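What follows is a single structure, written as structure tokens, with notes after it.
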Amino acid sequence: MKFGLLTILIAFSLSNLSAQPAVAPRIPEHYEWKNARDYKRDEDLIVRTLSWLCATPLNEAVEYRSKATLFVMEWIAGSPRLKIAITSADLPFYENYPDLLFPYIHGVALKKLGKPACASELEAMVGGFSVVGFMIESDAVLKKEKPLQPLLKAYKKNKLQPFVEQQVARNPAP
């Protein structure tokens, strides 16, 4: 009887551990990037910070999220290795939900910095839309918003690639 109770307690504690969000990486108080070597030095920290941002709902750790977003956006803006092109017309959420732009950028950047690196811009965009889908699904208010339903549906059904292809096809490049 004691063995069975102990087994149940261990199983319960292990399931709780896996459900807890990842620990946020420590962001340095002062940082500066002057050359490619400086950017490379902090790339692992950027990837860990992006991973945390992409896995943590928008309404959790809001103050830290702001600091982490500033840190990664400054790195992305100056990085000689990472280039992200955004066409707002391809982002059906942008006009009414501009707060979802940063999670989109985080997802694209994480996909481009991943190992193996993504093979195409489309694959990177799908990574960005996936993070946006997660943010919508994890927010009680956003998941009820009618304009976000097609994206949320594609996310839940794991059909983001066709959804993204459709968005890009609607807005051909000039």
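The values are calculated or read from the model by the stated rules, or taken from the named source; none is laboratory data. Since the model is a prediction, treat every value here as computed from it, not as a measurement. Virtual Cβ from ideal backbone geometry, glycine too; neighbours counted across all protein chains shown.
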Candidate set from the range 51-102 (those that are in a loop (DSSP other than H, G, I, E, B) and of a type in the set (S, T, N, Q)); member that is surrounded by the fewest Cβ atoms within 10 Å (Cβ to Cβ):
Asn96
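Can you name every residue in the range 156-174 that is part of a helix (DSSP H, G or I) and within 20 Å of Ser88 (Cβ to Cβ)? Reasoning before the result, please.
Of the residues in the range 156-174, the ones part of a helix (DSSP H, G or I) are 156, 160-170.
Matches in the range 156-174: Leu160, Phe163, Val164, Glu165, Gln166, Gln167, Val168, Ala169, Arg170.
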Just give me the residues in the range 49-68 being more than 11 Å from the chain's Cα centre (by Cα) and not hydrophobic (A, V, I, L, M, F, W, C), in sequence order.
Asn59, Glu60, Glu63, Tyr64, Arg65, Ser66, Lys67
Here the residues within the range 137-174 that are of a type in the set (Gly, Ala, Ser) and either touching a helix residue (DSSP H, G or I) at 6+ places or on another chain (Cβ under 7 Å) or modelled with pLDDT of 90 or more (or both) are Ser138, Ala140, Ala154
Just wondering, is there one or more residues in the range 116-125 that are touching a helix residue (DSSP H, G or I) at 6+ places or on another chain (Cβ under 6 Å) and at pLDDT 95 or above?
no
Restricting attention to the range 107-124, does a residue exist that is crowded, with 16+ Cβ neighbours inside 10 Å, assigned to a loop (DSSP other than H, G, I, E, B) and not acidic (Asp, Glu)?
yes
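Taking the condition of being in contact with a Cys (Cβ under 8 Å, 6 or more places away or on another chain) and basic (Lys, Arg), how many residues in the range 111-169 meet it?
Step one: filter the range 111-169 for residues in contact with a Cys (Cβ under 8 Å, 6 or more places away or on another chain), giving 111-112, 124, 127, 131, 134.
Cutting the leftovers down to basic (Lys, Arg) gives us 111-112.
The number of residues fulfilling the criteria is 2.
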